[in-house]
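The values are calculated or read from the model by the stated rules, or taken from the named source; none is laboratory data. Note that the structure is a prediction, hence the values are computed from the model and not measured. We place every Cβ from the backbone using ideal geometry, glycine too, and count neighbours over all the protein chains shown. The protein model used for the area step is the full one, side chains on, heavy atoms only, and it has no ligands, DNA or RNA in it. Shrake-Rupley method; radii C 1.70, N 1.55, O 1.52, S 1.80 Å.
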Amino acid sequence: MKTLKLTTFLTLLLMSTGQMFGQNVNTEKQAVLKVMKTYKNALQNLTTEGTFELFAKDSEVFESGGVEGSYAHYIEHHLGPELGHFKKFEFSDYEIEAEVDSPYAFTTETYIYTIVLNPDDKGKSRTIKKKGVATSILKKIDDKWQIVKTHSSSRNVK
């Protein structure tokens with residue numbers, strides 16, 4: 001009888017902690033997805049405002065075969081100046097997968113992006129449309145998910 005009670009108790013304990021763990025993983029996954037969505041939305045709004053807190057100070061950015069350095073360096077020397085030349089930056093066919101293995105999370109994003117450049121001196125604008133993929137590693141730092149490494153690449157849409 002004691003064995004039956006102990007087995008029942010342990011089974012119920014295991015089931016309840018399993019459910020709590022599953023809920024916690026889902027909550028963490030939603031927090032990770034929010035970080036990635038916030039970053040994507042900022043780019044579409046042609047701004048870097050509010051994005052620095054999404055990245056760890058010692059983050060690393062890799063883009064299409066290049067090492068861009070930290071996110072701060074990437075914004076100052078690459079993406080920040082580029083955004084000033086864009087009339088529009090839009091993602092379509094966007095999909096994201098996220099896996100949480102605390103204290104880390106891993107994401108893969110696939111998308112098509114369309115960039116419409118501001119008109120040049122002659123009033124001509126140009127549109128760039130590419131298929132892209134990005135992978136990111138996030139880490140929970142001081143109870144916040146932050147991107148520590150991100151790599152993106154693209155190719156022409158076929």
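If I ask for residues that are loosely packed, with under 13 Cβ neighbours inside 10 Å and of a type in the set (Ser, Thr, Tyr), which ones from segment 87-133 would you list?
Result: Ser92, Ser102, Ser125, Thr127.
Given (1) of a type outside the set (Asp, Glu); (2) modelled with pLDDT of 95 or more; (3) open to solvent by 40 Å² or more (accessible area, probe 1.4 Å); (4) closer than 24 Å to Phe89 by Cα, identify the lone condition not met by Ser70.
Going through (1) of a type outside the set (Asp, Glu); (2) modelled with pLDDT of 95 or more; (3) open to solvent by 40 Å² or more (accessible area, probe 1.4 Å); (4) closer than 24 Å to Phe89 by Cα one by one, Ser70 breaks only (3).
Conditions first: (1) part of a loop (DSSP other than H, G, I, E, B); (2) surrounded by 16 or more Cβ atoms within 10 Å (Cβ to Cβ); (3) of a type in the set (Ser, Thr, Tyr). Ser136 passes all but one, so which condition is the exception?
(1)
Take the conditions surrounded by 12 or more Cβ atoms within 10 Å (Cβ to Cβ) and in contact with a helix residue (DSSP H, G or I) (Cβ under 6 Å, 6 or more places away or on another chain) and apply them to Val148. Does it pass?
no
Just need a number here: residues in segment 37-67 that are of a type in the set (A, V, I, L, M, F, W, C), touching a residue at least 24 places away in the same chain (Cβ under 8 Å) and open to solvent by 20 Å² or more (accessible area, probe 1.4 Å). Outline the logic, then answer.
Just the residues of segment 37-67 that are of a type in the set (A, V, I, L, M, F, W, C), to begin with: 42-43, 46, 52, 54-56, 61-62, 67.
Remaining after also requiring touching a residue at least 24 places away in the same chain (Cβ under 8 Å): 43, 46, 54-56, 61-62.
Those still in the list that are open to solvent by 20 Å² or more (accessible area, probe 1.4 Å) too: 46, 62.
Final tally of qualifying residues: 2.
If Leu46 passes every condition in (1) modelled with pLDDT under 95; (2) part of a loop (DSSP other than H, G, I, E, B) but one, which one does it miss?
(1)
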